[in-house]
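One structure is given here, and the rest of the page talks about it.
The values are calculated or read from the model by the stated rules, or taken from the named source; none is laboratory data. Remember, predicted model here, so these are calculated numbers, not experimental data. Positions of Cβ are generated from backbone atoms using ideal geometry, with glycine treated the same way; all protein chains shown enter the neighbour counts.
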Amino acid sequence: MYAQEERERAGTIIELRLTTLGLTAFRADAACTRAATASWSELAGSDDLARLFTKLIRQVAEAASPEPVAADTAGAMAA
């Protein structure tokens, strides 16, 4: 529910996936993937799963996007 609210508020697409590591939230619309993971032990030991999910979603949604590198700067670095 919070991921849907975030999408409506900011247009940010957050996906939640169960993986071998645990529950991973990632920002699908970012130029590079932004992710946060709660391990299986964190999930099992959590008294408030909704709060844990909300924390993951916020971490991913609020992650600052890196500034793009200008083409001429990239060429200067390679030289």
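Within the stretch 34-43, take every residue that is out of contact with any helix residue (DSSP H, G or I) (no Cβ under 8 Å at 6 or more places or on another chain) and part of a helix (DSSP H, G or I) and give me the one that is surrounded by the most Cβ atoms within 10 Å (Cβ to Cβ). That would be Trp40. For the stretch 9-32, state whether one or more residues are assigned to a helix (DSSP H, G or I), surrounded by 14 or more Cβ atoms within 10 Å (Cβ to Cβ) and either hydroxyl-bearing (Ser, Thr, Tyr) or modelled with pLDDT under 85 (or both). Within the stretch 9-32 (the criterion being assigned to a helix (DSSP H, G or I), surrounded by 14 or more Cβ atoms within 10 Å (Cβ to Cβ) and either hydroxyl-bearing (Ser, Thr, Tyr) or modelled with pLDDT under 85 (or both)), the answer is no, since none of the residues qualifies. Within the stretch 1-23, residues that are closer than 15 Å to Arg34 by Cβ have Cβ atoms under 9 Å from residues that are among the polar types (S, T, N, Q) and part of a loop (DSSP other than H, G, I, E, B) in these pairs: Ala3/Thr12; Glu6/Thr12, counting only partners at least 6 apart in sequence or on another chain.
Could you list all residues from the stretch 44-79 that are surrounded by fewer than 12 Cβ atoms within 10 Å (Cβ to Cβ), hydrophobic (A, V, I, L, M, F, W, C) and at pLDDT below 85? Selection gives Ala64, Val69, Ala70, Ala71, Ala74, Ala76, Met77, Ala78, Ala79.
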